[in-house]
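A short write-up of the structure that comes next.
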Amino acid sequence: MKSLHTIDEPEVLHSRRFALWELGFRPFYLAASAFAAVSIALWMLQVSGLLGSPYLAGPVWHAHEMLFGFALAVIVGFLFTAGRNWANQPTPTGGLLMALVLLWLAGRVLVLTPFGWLATAANVAFPWAAAACLARPFLKARNRRNYFFVGLLALMGVASGFVHLTQLGVVEAPAWAGLQLGLDVVLFIVTVMAGRVVPMFTNNGVPGAGAARHAAVEDFALGSVLALLAIDLLGVGGVVVPLVAGVACAAHAVRWALWRPWKTARAPLVWVLHVAYCWIPVHLGLRVLAELGLVTPSVAAHALTVGAIGGLIIGMMTRTSRGHTARPLVADRFDVACYLLVLLAALTRVVVPVVWPGAMVESLQVSAVLWSAGFGLYAVRYWPFLTRARLDGKPG
């Protein structure tokens, strides 16, 4: 039986050189996956009272850390990596990249201490610093098509800061307002990126798949998510929210169908992205039901965070890690195990509370273990890939 670290491909040009700081995806994917695994243990320590009096506690800490800790780290790592190709300009490496990772780590630690203002500063500074680092290559290359990513990272800093200010008593508003804004921003980022890469990966990985994009569907899909973001930012309520969410649900379902997901069953590196994206129209449909009082908002939120964001992240992390370290673009059994664990975590967290409300606590516990196992397996499996140089000897 092969070990987790067995490399299936020939070790041609393989280098043992330490390469963690050579490109953004390397440290941020590793840190985010490890944090995703250990955060469940931290959550249990909070529940048991063993962490004393942390600055952020309870569901606010959990939601904040999944958005502004885990998801944001992966997004920054991906944008630093893809941004270098989009602009043909360097993005942070070496000491600057290390400093950004340390700033991110400081935010994760400080929210577990009583030092609220320091935690606020670190968690606002990280996305703003990342935005500044991304703006430089885009501006130098006049890569206007991707300027909006800089603004979205800056908006994530605003959303995180709002959450902190509610906890510090500076702003008299529910923390959920900032968390919802963060969710909307992340939803828009993943829908944009999925639209760029999922059809391409499908057609490249499954010959004859025929994944297509339709301009009108793209406009409705992305525009409806932006509309939801604006509605949540302005605090609009009433019938507008379920109406816009319903349109968004239909648009994203059609978009997904145009990518012909049924063609991908034999390509795990591709089908994982399709399965994850399917959770987006599910989330939007559940949000309609939540606005009508038929399901809890938590169910809708976790369809997005665990199902869509978690699934797309594990799929993209395995695919881009393989591609950017010059390994075969074929998922092995460890990758498939990661996919299934995260998918089962989503199903357990979203479906069980709806069909069996009495098993809510048990579903949360099982989902947490499955999630932790999925991302923990990725961290262990990909540690040597992310910390060593590319197999082909190229930089990055």
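The values are calculated or read from the model by the stated rules, or taken from the named source; none is laboratory data. As the structure is a computational prediction, the values presented were derived from the model and not from experiment. Positions of Cβ are backbone-derived with ideal geometry, glycine not excepted, and every protein chain shown enters the neighbour counts. For the accessible areas, the whole protein counts, side chains as well, though only heavy atoms, and no ligand, DNA or RNA atoms are used. Shrake-Rupley method; radii C 1.70, N 1.55, O 1.52, S 1.80 Å.
A few remarks follow.
- Rg and Dmax of the chain, based on Cα coordinates, read 20.2, 61 Å.
- Each peptide in 374-383, 359-368 gets a packing score, the mean of other Cβ atoms within 10 Å over its residues, and the list from highest to lowest is 374-383, 359-368.
- For Leu45 and Phe18, the FRET efficiency from 1/(1 + (r/R0)^6), where r spans their Cβ atoms and R0 equals 35 Å, is about 0.60.
- Using every pair of distinct Cα positions in segment 69-117, the Kirkwood expression returns a hydrodynamic radius of 12.1 angstrom.
- Inter-part distance where segment 31-104 and segment 171-229 are each reduced to a Cα centre, Å: 21
- Computed on the Cα trace of segment 38-190, the radius of gyration divided by the Kirkwood hydrodynamic radius gives Rg/Rh = 1.00.
- Counting Lys and Arg as +1 and Asp and Glu as -1 over every other residue whose Cβ lies under 14 Å from the Cβ of Ala227, the net charge comes to -2.
- Computed [θ] at 222 nm, deg cm²/dmol, the chain (DSSP H ≥ 4; -39,500 (n - 2.57); rounded to nearest 500): -24000 deg cm²/dmol
- With semi-axes defined as the square roots of five times the eigenvalues of the C-alpha gyration tensor, the equivalent ellipsoid of segment 105-214 measures 34, 17, 13 Å, largest first.
- Relative contact order computed over segment 55-207 (Cα-Cα under 8 Å; 6+ residues apart), in percent: 25
- Here segment 267-379 is described by how far its Cα atoms reach on the three principal axes: 49, 25, 18 Å, from widest to narrowest.
- With a simple spin-label model that places each label point 7 Å from the Cα along the Cα-to-Cβ direction, the separation between Ala215 and Ala337 comes to 4.8 nm.
- Overall, the accessible surface of the chain at a probe of 1.4 angstrom is composed of carbon and sulfur to the extent of 70 percent.
- Semi-axis lengths (Å, descending) of the ellipsoid that matches the C-alpha gyration tensor of segment 181-309: 27, 15, 12
- Those trypsin sites (Lys or Arg not before Pro) in segment 184-256 that DSSP places in a loop and that have at most 16 other beta carbons within 10 Å: Arg213
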